[in-house]
Amino acid sequence: RVCYPLAAGEPGRNVYTRFMKSHLCYDIVPTSSKLVVFDTTLQVKKAFFALVDNGVRAAPLWETSRQSFVGMLTITDFIIILHRYYRSPLVQIYELEEHKIETWRELYLQETFKPLVNISPDASLFDAVSSLIKNKIHRLPVIDPVTGNALYILTHKRILKFLQFFVCEMPKPAFMKETLADLGIGTYTNIAFIHPTTAIIRALNIFVERRVSALPVVDEKGRVVDIYSKFDVINLAAEKTYNNLDVSVTQALQHRSQYFEGVVKCNRLETLETIVDRIVKAEVHRLVVVDDESCLEGIISLSDILQALVLTPADVDVCSNFIMLLLEREETEKSPGHECGLCF
């Protein structure tokens, strides 16, 4: 049993929550930025090529007849279509790409239709984080309710980077010095992964069935050697290779950008402070948790981190491991004869 001494009360554990509540979505909108918007009458093929050409992962969809934004076109839509209609006797993939976006959505994506989730520039960043995590989305358009104009697209990554910019000016909560193992942050059971020889179509099926955004690539010894993310799938559209999805993930990743610097990993014994710093500097959406032999143990996402930093201290998710540990700590500190909050 190892005991971790804790500061009584931890008065500053909601400092990041207060920061997010005191800043507006407008504060994070850059003075100059590129926002790609598609009209729903645009041809599907042109839309996905435009995503590639502009280096973006998603774009708001504008419906002229309604004079409003009606949804988002994302790489996930592309994956769902490939998953559902690859080798389908009913329709050929090349036929789908000739459709307009509006036809595509009505005929092939009706089961995945969701109302557009957006946020006002005058809403707080706390509300933005809550909306992203509650709705299990990765992109949140900032839309002016008066003009109807889309100003920006908020993501977990951009919000965390904004927070990190001001972190040095704020008191540091004690939990930032605790480890992932202590805090229970991340996913460590039933992890979705693939092997270097896994076919692309199988990886796409896992994306859809497991609703994950990335798959660690694991060798025969269980070591993490690469990662295949949804963003990598857009290369299939760029290279027009989506008619042959039986090739291995390894072959597909040979066409990856030269700027890819490898899998960004971490260990469960590293502190949350170290984890946040690493994920922000690497500008990635998740870290792969490995042991000393680089074998897969889990995944920690930007969503996990923002939940821990911003929502959990506000008691928004009372079911999380993190809040249960903090509540357990407070009860232990109140009990006579106890000098430590967490014992393992």
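The values are calculated or read from the model by the stated rules, or taken from the named source; none is laboratory data. If you're wondering where the values come from, they're calculated on a predicted model, not measured in any experiment. Ideal geometry is used to build each Cβ from the backbone, glycine not excepted, and the neighbour counts take in all protein chains shown.
Remarks
- Residue-level analysis places V218 outside the set of residues that are modelled with pLDDT under 95 and either in contact with a Gly (Cβ under 8 Å, 6 or more places away or on another chain) or within 17 Å of D292 (Cβ to Cβ) (or both).
- Residue, farthest from T76 (Cα to Cα), within segment 237-260, restricted to residues that are in a helix (DSSP H, G or I) and modelled with pLDDT under 80: A238
- Among residues of segment 212-222 being surrounded by fewer than 15 Cβ atoms within 10 Å (Cβ to Cβ) and touching a residue at least 40 places away in the same chain (Cβ under 8 Å), the one that is nearest to the chain's Cα centre (by Cα) is G222.
- Filter result for T179 (more than 20 Å from I79 (Cα to Cα) and hydroxyl-bearing (S, T, Y)): yes
- All conditions but one from (1) out of contact with any helix residue (DSSP H, G or I) (no Cβ under 7 Å at 6 or more places or on another chain); (2) aliphatic (A, V, I, L, M); (3) under 27 Å from Y242 (Cα atoms); (4) assigned to a strand (DSSP E or B) apply to L107; the one that does not is (4).
- Criterion violated by R211 - all others in (1) on the phi > 0 side of the Ramachandran plot; (2) modelled with pLDDT of 95 or more satisfied: (2)
- Exclusive hit being touching a strand residue (DSSP E or B) at 6+ places or on another chain (Cβ under 7 Å), touching a residue at least 24 places away in the same chain (Cβ under 8 Å) and part of a loop (DSSP other than H, G, I, E, B), set P145, P121: P121
- Subset tally (residues that are surrounded by 13 or more Cβ atoms within 10 Å (Cβ to Cβ) and either free of Cβ contacts under 8 Å to residues at least 12 places away in the same chain or assigned to a strand (DSSP E or B) (or both)) for segment 168-196: 3
- Listing of helices (runs of 4 or more DSSP H) fully contained in segment 13-54 that carry 3 or more residues being over 19 Å from L132 (Cα atoms) and either within 21 Å of the chain's Cα centre (by Cα) or modelled with pLDDT of 90 or more (or both): 44-54
- Across segment 197-225, the qualifying residues are those that are of a type outside the set (V, I, T) and in a strand (DSSP E or B), and the one among them that is nearest to L73 (Cα to Cα) is A214.
- Test for Y228: is it free of Cβ contacts under 8 Å to residues at least 60 places away in the same chain, buried (at least 19 other Cβ atoms within 10 Å of the Cβ), not hydrophobic (A, V, I, L, M, F, W, C) and not in a helix (DSSP H, G or I): yes
- When segment 173-182 is filtered for residues that are more than 20 Å from the chain's Cα centre (by Cα) and farther than 10 Å from R13 by Cβ, the ones remaining, listed by number, are K177, E178, T179, A181, D182.
- Taking segment 153-167 as the range and being buried (at least 19 other Cβ atoms within 10 Å of the Cβ) and either touching a strand residue (DSSP E or B) at 6+ places or on another chain (Cβ under 6 Å) or among the polar types (S, T, N, Q) (or both) as the test, the residues that pass are I153, L154, T155.
- When residues of segment 46-83 are limited to those that are touching a residue at least 60 places away in the same chain (Cβ under 8 Å) and not hydrophobic (A, V, I, L, M, F, W, C), the one farthest from E106 (Cα to Cα): R57
- Taking (1) closer than 27 Å to V167 by Cβ; (2) assigned to a helix (DSSP H, G or I) in turn, V284 satisfies each apart from (2).
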